[in-house]
Structure formats: structure tokens, C-alpha cells
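So the structure is just underneath, and the comments pick up after that.
We did not get these values from a lab; they are worked out from the coordinates using the rules stated. Only a predicted model underlies this, so the values are computations on that prediction, with no experimental measurement involved. Cβ: placed from backbone, ideal geometry, glycine included. Neighbour counts: every protein chain shown.
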Amino acid sequence: MLISRSLRRKLLATAFGAVGFLLLYQATVIDSRSAFARQGASSLVGARLDFVATAYCKGDTTASGVAVKAGVAAADPKLLPQGSVVQIEGGPAKHEGIYTVLDTGPKVQGRHLDLYMWSCYEALDFGRRPVHLTVLRLGWNPTNSAPGMVAGD
């Protein structure tokens, strides 16, 4: 009741509300993408990261223009750009190994990896599971490779 009677209090409450809204609106939320951006490319190479893996089986060509085949993965290009090479561990032994990120997707965001499988039944059986991912190369540039991956290291 006290606020409703005084014009000064109404203006003060409105000003505090507006300032609070602007401060909240400008706040930056720290997520995995901004954390990766701060780290830089060189610190990701050789890093062992926890990701969630799913599988897909549809499509003819990847976002990079290559035909889909075993060993192709889709990832968030802000974290793992096209051309990145990763080693996956922690899933079924049949699907562990080295994958090349050649695809993207609207649902592949953050620490999510989508592995291509020829059989849709196999992709459904794979489901959604946590995996450990080691970055062997980040993007197409061979200088962004883990030591020992490029001749002359």
C-alpha cells in the first residue's frame, strides 16, 4: 500500500526494476562452448573429454560434402570443427576407435557426438551413452594434431 500512494517510490521501484533487468539481461552464462573458446585450439589437442554419443543412419552426404560411411561423426562445429579426428572409448567395443568429424546437425550441440552407422537397427541399439573422447586433430590443419600424429613430431 505504501508504494501505491507515493509517486517517488513508484519511480524508484521502476528504476531499480529496469536496472536489475538490464544487468540480468547482459549476464553471460558460462557453458561448455564458451569454456572451449577460452581454452584455445592447442589446449584441446590431446585432451580427453567426456561426451554423450548417439548414432544416426540416414543421409547420403555429410555437411563437408563427403559420402556417409563408417568412421564419420557429427559434432558441434564450435567445439569440434569439420576435419577433426577423435578417438572414442567407453562405448561398445565394436564402435570404439577413430572417427573423423565430417558432419554437423541441428541437434548436435555442446558435448554431443553423433556416429554414423549403416544399419538403422544398429543405430537404435546403440542408443545414447557416455563416451570418453580424445582429440587427435582439431579441424583440417595438421599442425593442430597431437604429438606423434604427424610425420616429424
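Structure summary
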| quantity | calculated |
| --- | --- |
| Bins of 5 Å from zero: percent of alpha-carbon pairs in segment 42-142 | 3, 14, 27, 28, 19, 7, 1, 0 |
| Packing-based order for 15-24, 47-56, using average beta carbon neighbours within 10 Å, highest first | 47-56, 15-24 |
| Calculated FRET value between TYR121 and GLN87, using beta carbons and R₀ = 30 Å, to 0.05 | 0.70 |
| For LEU115, distant residues with modelled amide H under 5 Å away | THR54, ALA55, TYR56, ALA74 |
| Protection proxy ranking of 60-66, 79-85 - average other beta-carbon atoms within 10 Å, highest first | 79-85, 60-66 |
